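Report on the structure given below.
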Amino acid sequence: MSPTAAAGGPVLARRPTVLVLGAASAIARAVAGEFARRGFDLLLAGRDREELDKVATDLSLRHGVSAQARAFDALAFDSHRAFVEACRETSRDSLTGAVLCFGYLGEQSAAQKDPAEARRVLDTNLVGAVSILSLLANYFEERRAGFLCALSSVAGDRGRQSNYVYGAAKAGLTVFLQGLRNRLFASGVTVTTIKPGFVDTPMTWGRPGVFLVASPRTAARSIVKAVLKGEDQAYVPRFWRPVMLLIRLIPEKIFKRMRL
(Lines give C-alpha, C1' and ligand atoms only; values in the text may rest on other atoms or scores of the structure.)
Protein backbone atom coordinates (compact mmCIF):
# COMPACT_ATOMS: atom_id res chain seq x y z
CA MET A 1 0.00 0.00 0.00
CA SER A 2 1.33 3.44 -0.87
CA PRO A 3 2.13 5.74 2.05
CA THR A 4 -0.07 8.79 2.61
CA ALA A 5 0.87 12.30 3.54
CA ALA A 6 -0.09 13.82 6.88
CA ALA A 7 -2.66 16.01 5.12
CA GLY A 8 -4.35 12.94 3.71
CA GLY A 9 -3.10 13.20 0.12
CA PRO A 10 -1.39 10.23 -1.54
CA VAL A 11 2.38 10.04 -1.73
CA LEU A 12 3.95 7.93 -4.44
CA ALA A 13 6.07 5.10 -3.08
CA ARG A 14 9.75 5.53 -3.81
CA ARG A 15 11.45 2.96 -5.94
CA PRO A 16 13.99 0.77 -4.14
CA THR A 17 17.57 1.99 -4.52
CA VAL A 18 20.65 -0.17 -5.07
CA LEU A 19 24.13 1.05 -4.17
CA VAL A 20 26.91 -0.16 -6.47
CA LEU A 21 30.40 0.18 -5.00
CA GLY A 22 33.27 0.38 -7.45
CA ALA A 23 30.76 1.34 -10.10
CA ALA A 24 33.24 2.39 -12.79
CA SER A 25 34.44 -1.16 -13.46
CA ALA A 26 33.11 -3.08 -16.45
CA ILE A 27 31.26 -5.65 -14.35
CA ALA A 28 29.80 -3.00 -12.06
CA ARG A 29 28.47 -0.95 -14.97
CA ALA A 30 26.79 -4.04 -16.37
CA VAL A 31 25.35 -4.90 -12.93
CA ALA A 32 24.01 -1.35 -12.58
CA GLY A 33 22.42 -1.64 -16.01
CA GLU A 34 20.71 -4.89 -15.08
CA PHE A 35 19.23 -3.37 -11.93
CA ALA A 36 18.15 -0.24 -13.83
CA ARG A 37 16.46 -2.42 -16.45
CA ARG A 38 14.42 -3.94 -13.63
CA GLY A 39 13.33 -0.52 -12.37
CA PHE A 40 15.70 0.05 -9.44
CA ASP A 41 17.08 3.50 -8.72
CA LEU A 42 20.86 3.61 -8.39
CA LEU A 43 23.66 5.13 -6.38
CA LEU A 44 26.94 4.67 -8.23
CA ALA A 45 29.99 4.99 -6.00
CA GLY A 46 33.67 5.10 -6.83
CA ARG A 47 36.78 7.24 -7.08
CA ASP A 48 36.22 8.59 -10.62
CA ARG A 49 33.27 10.89 -9.94
CA GLU A 50 33.40 12.50 -13.40
CA GLU A 51 33.17 9.14 -15.15
CA LEU A 52 30.40 7.96 -12.84
CA ASP A 53 28.37 11.09 -13.57
CA LYS A 54 28.43 10.07 -17.24
CA VAL A 55 27.40 6.51 -16.43
CA ALA A 56 24.59 7.75 -14.17
CA THR A 57 23.25 10.08 -16.87
CA ASP A 58 23.30 7.31 -19.46
CA LEU A 59 21.46 4.83 -17.22
CA SER A 60 18.90 7.42 -16.18
CA LEU A 61 18.08 8.34 -19.78
CA ARG A 62 18.17 4.77 -21.01
CA HIS A 63 16.00 3.21 -18.31
CA GLY A 64 14.01 6.09 -16.82
CA VAL A 65 15.33 5.61 -13.30
CA SER A 66 17.12 7.89 -10.88
CA ALA A 67 20.88 7.33 -10.99
CA GLN A 68 23.33 9.42 -8.99
CA ALA A 69 27.09 9.31 -8.61
CA ARG A 70 28.86 9.51 -5.25
CA ALA A 71 32.57 9.71 -4.41
CA PHE A 72 33.88 6.66 -2.55
CA ASP A 73 37.36 5.34 -1.78
CA ALA A 74 37.64 1.83 -0.39
CA LEU A 75 40.95 2.71 1.28
CA ALA A 76 39.66 5.88 3.01
CA PHE A 77 38.35 3.85 5.94
CA ASP A 78 37.58 6.86 8.13
CA SER A 79 35.17 8.21 5.50
CA HIS A 80 33.02 5.08 5.24
CA ARG A 81 30.58 5.87 8.06
CA ALA A 82 29.81 9.33 6.67
CA PHE A 83 29.47 7.82 3.21
CA VAL A 84 26.77 5.38 4.36
CA GLU A 85 24.88 8.17 6.12
CA ALA A 86 25.04 10.29 2.95
CA CYS A 87 23.66 7.39 0.91
CA ARG A 88 20.76 7.05 3.33
CA GLU A 89 19.98 10.74 2.98
CA THR A 90 20.38 10.80 -0.80
CA SER A 91 18.09 7.80 -1.25
CA ARG A 92 15.66 9.09 1.40
CA ASP A 93 16.04 5.75 3.14
CA SER A 94 14.91 3.79 0.08
CA LEU A 95 18.24 1.94 0.03
CA THR A 96 17.35 -1.72 -0.38
CA GLY A 97 20.67 -3.32 -1.24
CA ALA A 98 24.33 -2.91 -2.07
CA VAL A 99 26.64 -4.68 -4.49
CA LEU A 100 30.38 -4.49 -3.83
CA CYS A 101 32.33 -4.67 -7.08
CA PHE A 102 35.60 -2.95 -6.29
CA GLY A 103 38.85 -4.85 -6.19
CA TYR A 104 42.55 -4.73 -6.94
CA LEU A 105 44.29 -7.69 -8.59
CA GLY A 106 47.80 -6.31 -8.27
CA GLU A 107 50.93 -8.19 -9.32
CA GLN A 108 51.93 -11.31 -7.41
CA SER A 109 55.61 -10.82 -8.27
CA ALA A 110 55.49 -7.25 -6.93
CA ALA A 111 53.61 -8.30 -3.80
CA GLN A 112 56.30 -10.90 -3.06
CA LYS A 113 59.01 -8.24 -3.10
CA ASP A 114 57.20 -5.20 -1.73
CA PRO A 115 55.09 -5.43 1.44
CA ALA A 116 53.37 -2.17 0.44
CA GLU A 117 51.99 -3.83 -2.70
CA ALA A 118 50.84 -6.85 -0.69
CA ARG A 119 49.14 -4.53 1.78
CA ARG A 120 47.36 -2.64 -1.00
CA VAL A 121 45.98 -5.93 -2.33
CA LEU A 122 44.81 -6.99 1.13
CA ASP A 123 43.49 -3.57 2.17
CA THR A 124 41.48 -3.09 -1.02
CA ASN A 125 40.02 -6.57 -1.39
CA LEU A 126 39.54 -7.47 2.28
CA VAL A 127 39.94 -4.66 4.82
CA GLY A 128 38.13 -2.01 2.74
CA ALA A 129 35.39 -4.47 1.89
CA VAL A 130 34.93 -5.51 5.54
CA SER A 131 34.80 -1.87 6.60
CA ILE A 132 32.03 -0.72 4.26
CA LEU A 133 30.05 -3.99 4.37
CA SER A 134 29.98 -3.94 8.17
CA LEU A 135 28.44 -0.46 8.19
CA LEU A 136 25.91 -1.38 5.53
CA ALA A 137 25.09 -4.59 7.41
CA ASN A 138 24.25 -2.58 10.52
CA TYR A 139 21.88 -0.41 8.50
CA PHE A 140 20.03 -3.30 6.87
CA GLU A 141 19.94 -5.27 10.10
CA GLU A 142 18.24 -2.34 11.79
CA ARG A 143 15.68 -2.19 8.96
CA ARG A 144 15.30 -5.99 9.01
CA ALA A 145 15.28 -6.05 5.23
CA GLY A 146 17.58 -5.69 2.26
CA PHE A 147 20.49 -7.46 0.61
CA LEU A 148 24.25 -7.35 0.46
CA CYS A 149 26.27 -8.82 -2.38
CA ALA A 150 30.04 -8.84 -2.86
CA LEU A 151 32.28 -10.09 -5.60
CA SER A 152 34.82 -12.50 -4.17
CA SER A 153 36.69 -14.74 -6.64
CA VAL A 154 37.44 -18.31 -7.61
CA ALA A 155 41.03 -17.33 -6.71
CA GLY A 156 40.01 -17.61 -3.06
CA ASP A 157 39.09 -21.28 -3.36
CA ARG A 158 42.69 -22.47 -3.34
CA GLY A 159 46.06 -20.75 -3.07
CA ARG A 160 48.08 -20.80 -6.26
CA GLN A 161 51.59 -19.48 -6.78
CA SER A 162 50.44 -17.10 -9.53
CA ASN A 163 48.14 -14.98 -7.31
CA TYR A 164 48.11 -16.20 -3.72
CA VAL A 165 48.14 -12.74 -2.10
CA TYR A 166 45.03 -11.75 -4.06
CA GLY A 167 43.59 -15.22 -3.42
CA ALA A 168 44.19 -14.87 0.32
CA ALA A 169 42.31 -11.56 0.37
CA LYS A 170 39.38 -13.05 -1.53
CA ALA A 171 39.35 -16.16 0.66
CA GLY A 172 39.12 -13.88 3.69
CA LEU A 173 36.27 -11.97 2.08
CA THR A 174 34.42 -15.22 1.37
CA VAL A 175 34.66 -16.32 5.02
CA PHE A 176 33.62 -12.85 6.21
CA LEU A 177 30.53 -13.03 3.99
CA GLN A 178 29.70 -16.49 5.34
CA GLY A 179 29.73 -15.15 8.90
CA LEU A 180 27.76 -12.07 7.89
CA ARG A 181 25.16 -14.27 6.20
CA ASN A 182 24.85 -16.34 9.35
CA ARG A 183 24.48 -13.22 11.49
CA LEU A 184 21.93 -11.43 9.29
CA PHE A 185 19.71 -14.41 8.48
CA ALA A 186 17.47 -13.81 11.49
CA SER A 187 16.96 -10.20 10.37
CA GLY A 188 15.72 -11.14 6.92
CA VAL A 189 18.79 -9.65 5.21
CA THR A 190 20.32 -11.76 2.46
CA VAL A 191 24.05 -11.93 1.78
CA THR A 192 25.19 -13.26 -1.58
CA THR A 193 28.78 -14.23 -2.34
CA ILE A 194 29.68 -14.08 -6.02
CA LYS A 195 32.72 -16.01 -7.21
CA PRO A 196 33.56 -14.86 -10.72
CA GLY A 197 36.00 -16.69 -12.91
CA PHE A 198 37.71 -14.78 -15.69
CA VAL A 199 35.65 -11.90 -17.05
CA ASP A 200 36.62 -9.83 -20.08
CA THR A 201 37.70 -6.62 -18.33
CA PRO A 202 40.78 -4.37 -18.35
CA MET A 203 41.92 -6.11 -15.14
CA THR A 204 42.31 -9.47 -16.94
CA TRP A 205 43.10 -8.33 -20.50
CA GLY A 206 46.40 -9.64 -21.79
CA ARG A 207 47.24 -11.70 -18.69
CA PRO A 208 48.75 -15.16 -19.25
CA GLY A 209 46.71 -18.22 -18.31
CA VAL A 210 43.33 -16.52 -18.76
CA PHE A 211 40.74 -18.93 -20.18
CA LEU A 212 36.97 -19.54 -20.21
CA VAL A 213 36.37 -15.79 -20.31
CA ALA A 214 32.83 -14.41 -19.85
CA SER A 215 31.54 -11.03 -20.99
CA PRO A 216 30.64 -8.43 -18.31
CA ARG A 217 27.03 -8.45 -19.48
CA THR A 218 26.73 -12.22 -19.13
CA ALA A 219 28.33 -12.07 -15.70
CA ALA A 220 26.05 -9.22 -14.62
CA ARG A 221 22.90 -11.10 -15.56
CA SER A 222 23.98 -14.06 -13.43
CA ILE A 223 24.95 -11.79 -10.52
CA VAL A 224 21.67 -9.88 -10.43
CA LYS A 225 19.66 -13.08 -10.84
CA ALA A 226 21.49 -14.66 -7.88
CA VAL A 227 20.92 -11.56 -5.74
CA LEU A 228 17.21 -11.27 -6.48
CA LYS A 229 16.71 -15.00 -5.85
CA GLY A 230 18.46 -14.64 -2.50
CA GLU A 231 21.13 -17.21 -3.30
CA ASP A 232 23.88 -17.66 -0.73
CA GLN A 233 26.67 -18.17 -3.23
CA ALA A 234 27.04 -18.28 -6.99
CA TYR A 235 29.91 -19.06 -9.33
CA VAL A 236 29.86 -16.83 -12.41
CA PRO A 237 29.64 -18.38 -14.95
CA ARG A 238 28.22 -21.47 -13.27
CA PHE A 239 30.64 -23.89 -14.93
CA TRP A 240 33.32 -22.62 -12.55
CA ARG A 241 31.67 -24.54 -9.70
CA PRO A 242 32.72 -28.01 -10.96
CA VAL A 243 36.04 -26.62 -12.21
CA MET A 244 36.93 -25.33 -8.75
CA LEU A 245 35.61 -28.47 -7.08
CA LEU A 246 38.12 -30.51 -9.09
CA ILE A 247 40.92 -28.08 -8.21
CA ARG A 248 40.07 -28.25 -4.51
CA LEU A 249 40.08 -32.07 -4.61
CA ILE A 250 43.63 -32.33 -5.92
CA PRO A 251 45.78 -33.68 -3.06
CA GLU A 252 48.26 -31.16 -1.68
CA LYS A 253 51.19 -33.49 -2.40
CA ILE A 254 50.31 -33.26 -6.08
CA PHE A 255 49.00 -29.69 -6.12
CA LYS A 256 52.21 -28.17 -4.72
CA ARG A 257 54.10 -29.54 -7.72
CA MET A 258 51.74 -27.94 -10.24
CA ARG A 259 52.37 -24.58 -11.87
CA LEU A 260 49.06 -22.76 -11.67
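The values are calculated or read from the model by the stated rules, or taken from the named source; none is laboratory data. What you are looking at is a predicted structure, and each value in this text was computed from that prediction instead of being measured. For neighbour counting, all protein chains shown are included, and Cβ atoms are generated from backbone atoms with ideal geometry for every residue, glycine included.
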Practice item. Kindly list the number of the only condition in (1) touching a residue at least 24 places away in the same chain (Cβ under 8 Å); (2) surrounded by fewer than 19 Cβ atoms within 10 Å (Cβ to Cβ); (3) in contact with a helix residue (DSSP H, G or I) (Cβ under 6 Å, 6 or more places away or on another chain) that fails for LEU59. Key: (2)
Check your understanding: When you go through (1) more than 16 Å from the chain's Cα centre (by Cα); (2) not in a strand (DSSP E or B) one by one for LEU122, which number turns out not to apply?
Key -> (1)
Exercise for review: Collect the residues in segment 125-163 that are assigned to a loop (DSSP other than H, G, I, E, B) and touching a Ser or Thr at 6+ places or on another chain (Cβ under 6 Å), keeping them in residue-number order.
Suggested key: ARG144, GLY146, SER152
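Residue by residue, here is whether (1) more than 15 Å from the chain's Cα centre (by Cα); (2) modelled with pLDDT of 95 or more; (3) closer than 25 Å to LYS195 by Cα; (4) of a type in the set (Lys, Arg) holds:
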position	(1), (2), (3), (4)
ALA28	no, yes, yes, no
PHE35	no, yes, yes, no
LEU43	no, yes, yes, no
ARG70	yes, yes, no, yes
HIS80	yes, yes, yes, no
**Study point:** Which numbered condition LYS113 fails, given (1) more than 18 Å from TRP240 (Cβ to Cβ); (2) surrounded by 18 or more Cβ atoms within 10 Å (Cβ to Cβ); (3) among the charged types (D, E, K, R)
**Key:** (2)
Review point. Taking the stated definitions as given, is SER66 more than 16 Å from the chain's Cα centre (by Cα) and touching a residue at least 24 places away in the same chain (Cβ under 8 Å)?
Key: yes
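Table: residues versus (1) modelled with pLDDT under 95; (2) buried (at least 17 other Cβ atoms within 10 Å of the Cβ); (3) in a loop (DSSP other than H, G, I, E, B); (4) under 20 Å from the mean Cα position of the chain (by Cα).
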position	(1), (2), (3), (4)
VAL165	no, yes, no, yes
ARG181	no, yes, no, yes
PRO202	yes, no, yes, yes
VAL227	no, yes, no, yes
GLY230	no, no, yes, yes
ALA234	no, yes, no, yes
ARG259	yes, no, yes, no
